[in-house]
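Single-structure report; data block below.
The values are calculated or read from the model by the stated rules, or taken from the named source; none is laboratory data. What you see is a predicted model, and the numbers here were worked out from it, not measured in a lab. In this analysis, Cβ positions are derived from the backbone assuming ideal geometry, glycine residues included, and neighbour counts consider all displayed protein chains.
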Amino acid sequence: MARLACVALAFCAPAVAAEECGTVEFSSPAYQCMEPTAVGTTTNVTITVNRANGSSGAVSVAYCCWTADGLDTAEGYQSASSPSGTVYYYRDVQSARVHASGRLQWSDGETAPKTFNVPLTADAWRLYTNATIAMPRIEGTKTVSIALANPGGGVMVGAQSSARIEILDAQAPPSGVLHFSRPRFFGGEKTGNAVVTVKRTCGSAGIVSARYTVNNFIPPNMPGATNLPKAAPGTDYVVVTGTLLWADGDAGDKEFVVPVNDDSSAEGPELANLALFSSSGAPLGTWTNAVLTLVDDDKDLADVAVCNMPSTQVRIWNPQNVPVLRGMFVYMAGSGGDSRWMANWKSDWKAICKEWGFAFMGTMVGTFVQSSSGPAGIGDFLDIMRESGEYIGRPELANAPVIFTGYSLGGLYSAYSSMALPERTVGWAGYMGGWSLSPPYDCLKNVPCLFIAGQKDNNSIVGAPLLRNMFLTWRTNGCPAAYAVSWGVAHKDDEGQSYETALLYLNEVLKYRYPTNQFPGAEPGQTVRLNPVDMSNGWFGITTVYNAPVWDLKIAPATNFLADPATASWMPSEAAARYYRAFTTVYSSYYPNNFPAVKPFQSPPSITPPAAFAIYTQPATVDITMDYRVFAAIPWANFYFEAAQIASLTVSPWAVSLSLSNMPGGPYGITCEVNDGLTTRKHGLQLFTVQTPDPPRSPSRLSAGSISNGVVLLSWQDNANNETGMKVARRALDEGAWTNVAALAAGATSWTDMDAAQDGVHAYRVCAFNDAGDSGWCDERLVAAAANTWSGNAGNASWDTAANWLGAALPDAGAAVVFPEKGALAPYSSGGHVMIGEDIEVTGITFMNRRMPTGDITISSTGGASVVFGPGGRIDKPSGDANEVNACGVRIGVGGLRCSIAGGSVAFNGAITETAPAGIVKDGAGILALGGIGAYQGGTIVSNGVLMVNNAMESACGPGPVAIAVKGILGGSGYVAGIVSNEGVIAPGTSTGTLRVAALVLAPSSRANFEIGEPEKGWDRIVVDGDMTLDGTVNITNLSDEALGTYTLFSCGGALVNNGLALGAVPPALYVELLTNQIDSIQVKLTPEPGCVALAAGLLALAPRRGRQRP
């Protein structure tokens, strides 16, 4: 037993731990080279790759160079007009051949950098009607992408896994060159706009400009201009023409937008021409024309022509209502075939894609990776994923994982594809004939794969010998492969059980490898790190059993498998192993003895539950029908699952049915043993699963808004397809307990709370549930239930426009209002700016805008209007960016105004008045900034967070007292007309500045923080008009090494009482002395530490003299 366990382990554990092997990455994010100008000459760019953080073991990594958009070269395309007005088009056909690829090797213990060269060839341009001509042209900078992938030997690719080569133009003037950033752009009907980028490269001197336009004239021989139809100007897109301007020294990219019209007709991609013309101050360069591809991205099916393909050789099914795609299933056709149709109607595959959040791609033969064996295909792989995502409005596909499957030659291409970029490949499965493939790179040890051979291809019991030998080679090299024989048929004749078995296998691989909490991002590098394969955590099965009953085909967990794992199939789970056993066994017993001439059955019988490969929820009732098509009556039939006979029936001709109830959970492979009076045969196979369903996925994008007092509208996105219903929970903001307030039907995406309390802020959350339990709760959302919710639907942003309020209902006088964060209930088309034209009375304003694109909500007025807060009025701001009540007054009602600001800031820049002496209470960790005139008498209390006083001319806090609690902070460079009592922090200035107060009392817990800048740039100080009583500590921060000398921190015009003010934190390497001997001020003196002075003097004595010698 121990010996056999060691044998299995030899194929599971890597030789060296990954952390000991180190990482490899490019030495720089960019490499530059001047393009050669002499025709026919070539220069090399040398690229360096470093190994760090470990040196154990022999390791390797693949590299590849490519250009985007399917181009073979870093080429260009230009148009030019002759003096007679004729337009000529030139294409760069020889520049920068970049099919450089290979592997770099390090031996055990070696860490020296490795290099490879990328050859660049001088320009040769072709006039599209003439032969190639040697005419170097001004082009600007051209870019080549390079990447590292396929790490071998246990080494990891580091953070700098990609880089670029910038090919500089020796002929470019100092002003630079203007050109499109790429030869192809995309625009979708759903997204509404195509954003086009123009670059200025090779220089930035002077003011330059370029004109742009869009039209339907596609220039001849233009890269990316496929035979797709042309888009109609004015119908499919808005014709735009304009000028882009760069200032002197400005080398940044410029953008313009082409609006795309959304029409109701279903249509494929269409093309338009982008053109730069009439530049000033700088020449036009590499790309003066580019292709704009317009796509119908709001449909679930899209025909795609990626990477300069001549036609739409790819069809993608894009699952709707999936917020972020997590990956792509790619199905490849066989030789001469076309699998695009599969994206239309393969509902079983689509169901698994929808469950995982994957898109599904069907291709014509060889489309995806015909040239992608090994490192040379990395660029193809990345380009196709990026462009496919752009076509369907899913940029996250550029970084998403992929699953490959296919039949015949498409199965072989599935293997090739996994070799191109294995770290992005979840797994692959292929049903192939007599194809063979070289042994894989060792990095494929993390890519599970399933070989399905057509036994009839070679009339052999063990299936296609070449394919089986390839499988054995992969297993011997430690790859997690499985091998199954499709008995009695050729591989291309069996897209039934083979096809479905591949689907179930890949679904189990997804469960094994895909982290449940990871999603690819739209930005480069935001990839999903797939779980590695540990073959000791899985199942093995023997692949060569022939004519054995189902229960004799050996499968076992890897830790209990007694045979040689090097020749056994590895499966990621028990479910995958059981499906594998059922599939291989039924076919092994169907055609025994090498295809007898006389068969008792007219055609293979079929066993059919209501849905092939269905998933039944416990307690399950499965109705099964077998159609056996015979000439004579069948005396009896037995149904088997595993070793158990589950039914024995006496039957009549043509068909037999049975119903199975209360079946335990697990995968089922049902076979039927039938007797025709002469012989007994096992026939048919049907796979299905009985399971307790997984918990549903959590809902997301919850929005909450109040329509009127006590009425709250919720909406969210349902991300599950297996829920029984939805739950809504609520709690008051100042309470900890959640209460379930609603149970809704499956698929619900909104609910109205009709009885929310009207006197506070409430939190809501939503989850889905089924028999397996609850999903996780979505992020909670806060809402003021007594408020009317601003929706920003109307572009005029006026307070008294009904369409700007949720439910199109204007707030009643004295109502509370809420400005929610951006979401389904708050589109903010007005940009977060609210205009009021007359005094508006509210009891409270709640800001919830942490996701607003503008970062703030501004309330401003016309004609001096005010926001009037009634009794108990309040400002609530849970978190987020800045908010302003700007250029309009604030009137405080009876009971005062409470400003609860949990994060970010709220600014009052207008006058603050009151109807009765009540004042303002500030709590929460955020900032309240007062920049207007404070005409309220009730005073100000800061219980927590920051109060910034920013009006230096008149008191922003009014004449009342200002009390700062232990957790409060008073700052700013303004004036306070009342007495300031501080138990917390007082920090004058915004950087450095002066805070002026009428009178000041610092308690023993006070901390006074001062910043000292350079003498000519000022320092923090507090000026007190009247009396000043001081205690607590003074903390000093110096902002300059030259900040030496004596500085006045406190000064007063009345009496000064010092009850023990002391120094706290002080700058290092300085001697700081607090001077308290003045009758009206407190000063601080900063001098170097004596030891530092001596050291400085010694260093000065050793320094060489640089004075001029006398003659």
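Matching residues to (1) in contact with a strand residue (DSSP E or B) (Cβ under 7 Å, 6 or more places away or on another chain); (2) over 17 Å from Pro959 (Cβ atoms); (3) free of Cβ contacts under 8 Å to residues at least 60 places away in the same chain; (4) surrounded by fewer than 21 Cβ atoms within 10 Å (Cβ to Cβ):
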| position | (1), (2), (3), (4) |
| --- | --- |
| Asp876 | yes, yes, no, no |
| Asp881 | no, yes, yes, yes |
| Val885 | yes, yes, yes, no |
| Gly893 | yes, yes, yes, yes |
| Gly904 | yes, yes, yes, no |
| Ala916 | no, no, yes, yes |
| Leu930 | yes, no, yes, no |
| Thr940 | yes, no, yes, no |
Seminar exercise, completed: Given the conditions (1) buried (at least 21 other Cβ atoms within 10 Å of the Cβ); (2) at pLDDT 65 or above; (3) on the phi < 0 side of the Ramachandran plot, every one holds for Leu104 apart from (1)
Exercise. Which residues, counting only those in the range 933-973, are within 41 Å of the chain's Cα centre (by Cα) and among the small types (Gly, Ala, Ser)?
Worked result: Ser943, Gly945, Gly968, Gly971, Gly972
Exercise. Could you say which residue among Thr1029, Thr1037, Thr1087 is at pLDDT 80 or above, closer than 21 Å to Thr990 by Cα and surrounded by 13 or more Cβ atoms within 10 Å (Cβ to Cβ)?
Worked result: Thr1037
Problem set entry | Candidate set from the range 176-215 (those that are surrounded by fewer than 18 Cβ atoms within 10 Å (Cβ to Cβ) and assigned to a strand (DSSP E or B)); member that is modelled with the lowest pLDDT | Asn193
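Could you look through the range 864-907, keep only residues that are of a type in the set (Val, Ile, Thr) and out of contact with any Pro (no Cβ under 6 Å at 6 or more places or on another chain), and pick out the one that is nearest to Glu780 (Cα to Cα)?
Within the range 864-907, the first condition is being of a type in the set (Val, Ile, Thr), and the residues that meet it are 867-868, 875, 885, 890, 892, 894, 901, 906.
Those still in the list that are out of contact with any Pro (no Cβ under 6 Å at 6 or more places or on another chain) too: 867-868, 875, 885, 890, 892, 901, 906.
Details: Val867: 29, Val868: 30, Ile875: 20, Val885: 26, Val890: 31, Ile892: 31, Ile901: 18, Val906: 22 Å.
If we take residues in the range 864-907 being of a type in the set (Val, Ile, Thr) and out of contact with any Pro (no Cβ under 6 Å at 6 or more places or on another chain), then Ile901 is nearest to Glu780 (Cα to Cα).
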Problem set entry | strands (runs of 3 or more DSSP E) completely within the range 974-1040 that count 2 or more residues being among the polar types (S, T, N, Q) and within 50 Å of the chain's Cα centre (by Cα) | 975-982, 1033-1038
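Of all residues in the range 883-910, how many are among the hydrophobic types (A, V, I, L, M, F, W, C) and in a strand (DSSP E or B)? Even if it seems obvious, please write down each step before you answer.
Narrowing the range 883-910 to residues among the hydrophobic types (A, V, I, L, M, F, W, C): 885, 887-888, 890, 892, 894, 897, 899, 901-902, 906-908.
Those left that are additionally in a strand (DSSP E or B): 885, 890, 892, 897, 899, 901, 906-908.
Final tally of qualifying residues: 9.
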Problem set entry | In the range 138-164, residue surrounded by the fewest Cβ atoms within 10 Å (Cβ to Cβ) [restricted to those that are over 26 Å from the mean Cα position of the chain (by Cα) and assigned to a strand (DSSP E or B)] | Gly152
Exercise. Is one or more of the residues making up the range 338-360 at pLDDT 75 or above, more than 16 Å from Ser417 (Cβ to Cβ), among the β-branched types (Val, Ile, Thr) and not in a helix (DSSP H, G or I)?
Worked result: no
